[in-house]
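Shown next, in structure tokens, is the structure this report addresses.
The values are calculated or read from the model by the stated rules, or taken from the named source; none is laboratory data. Fair warning: this is a prediction, and the values are worked out from it, not measured in the lab. Glycine gets a Cβ as well: all are built from the backbone with ideal geometry, and neighbour counts include every protein chain shown.
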């Protein structure tokens, strides 16, 4: 039985981790920490959290995690770096759901986050299991991908690996539910600001952009620059990424579909939908699945890829559990067999 501690357990990704791990047959949550609710029982913050509701929330002192094997950090960027280092010195395996270890180049991290790059950056493995499975298995520090990058990279990976699209033509138009902004108070996420509204934000400067470009560049074997525009949709969960790229000569719909089918053959959490079926966020709600659809637009010569995930599950907590399973030699899908919720 893996003994698990969750740092930042009262945020949306933290409570999603608690939900998933409470039903995991080989994991036991031993420690939950919070910076805002130290000393309270978890059920006082989240009354629905019956399996672990009796645990008392502690602070982030590494000594509080001395009795666990696996620590999962669900903290805002800039807060995980030093803590992760101390935990690894204690012999703990660490999965970070924040952005501190996702970028491999310190200068790029400092440019986009205006913070000094954390130590141990070179020890982190980017935790997208469909692309990094072997590396994840032997790592001690996992950088869990962001939600937008997960949807975008999974949508584009087969296309770039096969060289089917012009690398300078990629546009990613993505929409997210409000939970992607976290649980903290912010005017832009108040009900009256979000309800019956739809808006773009951080156009051309969203911090997930370099993460997307880094991983796509690795797949393509060349430097990739993308146009990425995120939007906020008045729903709780979900991401829909609509991705455009100009097809190289010689690629038709049959060849495109074959390349995607071969790339994702055997993957239990990525589903390539039949031709003509376009994914909806509700189809993955509450699950660790990514659904992908392909449209070849013959009129414009573009490939249009649509990719949907639940931002709190495959985009965060579920992917962390998937990574944890790989770290500990467990079946990758253990504890993640839930069917999407409907309605």
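Residue pairs whose Cβ atoms lie under 8 Å apart, separated by 6 or more positions or on different chains, with the first residue in the range 33-49 and in the same structural domain as residue 22 (by TED's automatic domain parsing) and the second crowded, with 18+ Cβ neighbours inside 10 Å and modelled with pLDDT under 95, are 42/49; 43/49. Scanning the range 1-13 for residues that are part of a helix (DSSP H, G or I) and buried (at least 24 other Cβ atoms within 10 Å of the Cβ) yields one hit, 13.
Tell me which residues, restricted to the range 251-263, are part of a helix (DSSP H, G or I) and buried (at least 16 other Cβ atoms within 10 Å of the Cβ). So that I can check it myself, show each step before the final result.
Residues of the range 251-263 part of a helix (DSSP H, G or I): 253-263.
Listed by number, the residues that qualify are 256, 257, 259, 260, 263.
With respect to being at pLDDT 95 or above, loosely packed, with under 14 Cβ neighbours inside 10 Å and either assigned by TED's automatic domain parsing to the domain that holds residue 90 or under 20 Å from residue 320 (Cβ atoms) (or both), residue 16 falls outside the description.
Scanning the range 204-250 for residues being over 30 Å from residue 342 (Cα atoms), in a loop (DSSP other than H, G, I, E, B) and under 20 Å from the mean Cα position of the chain (by Cα) gives a total of 4.
For the structure I just gave you, tell me whether residue 166 is closer than 26 Å to residue 222 by Cα, out of contact with any helix residue (DSSP H, G or I) (no Cβ under 7 Å at 6 or more places or on another chain) and free of Cβ contacts under 8 Å to residues at least 60 places away in the same chain.
Values: closer than 26 Å to residue 222 by Cα: yes; out of contact with any helix residue (DSSP H, G or I) (no Cβ under 7 Å at 6 or more places or on another chain): yes; free of Cβ contacts under 8 Å to residues at least 60 places away in the same chain: no.
Here the answer is no, as residue 166 does not meet what is asked.
Just a yes or no: is a residue in the range 303-313 outside any loop (DSSP other than H, G, I, E, B) and out of contact with any strand residue (DSSP E or B) (no Cβ under 9 Å at 6 or more places or on another chain)? Yes; the residues of the range 303-313 include at least one that is outside any loop (DSSP other than H, G, I, E, B) and out of contact with any strand residue (DSSP E or B) (no Cβ under 9 Å at 6 or more places or on another chain).
Which is in a helix (DSSP H, G or I), crowded, with 16+ Cβ neighbours inside 10 Å and either within 16 Å of the chain's Cα centre (by Cα) or in contact (Cβ under 8 Å) with a residue 60 or more places away in the chain (or both), of 72, 95, 136?
Numbers: 72 fails: in a helix (DSSP H, G or I); 95 fails: in a helix (DSSP H, G or I).
When all the criteria are applied, what remains is 136.
Condition check ((1) within 24 Å of residue 202 (Cβ to Cβ); (2) surrounded by fewer than 23 Cβ atoms within 10 Å (Cβ to Cβ); (3) in contact with a helix residue (DSSP H, G or I) (Cβ under 6 Å, 6 or more places away or on another chain)) across all residues:
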site	(1), (2), (3)
232	yes, yes, no
242	yes, yes, no
248	no, yes, no
267	no, yes, yes
288	no, no, yes
304	yes, yes, no
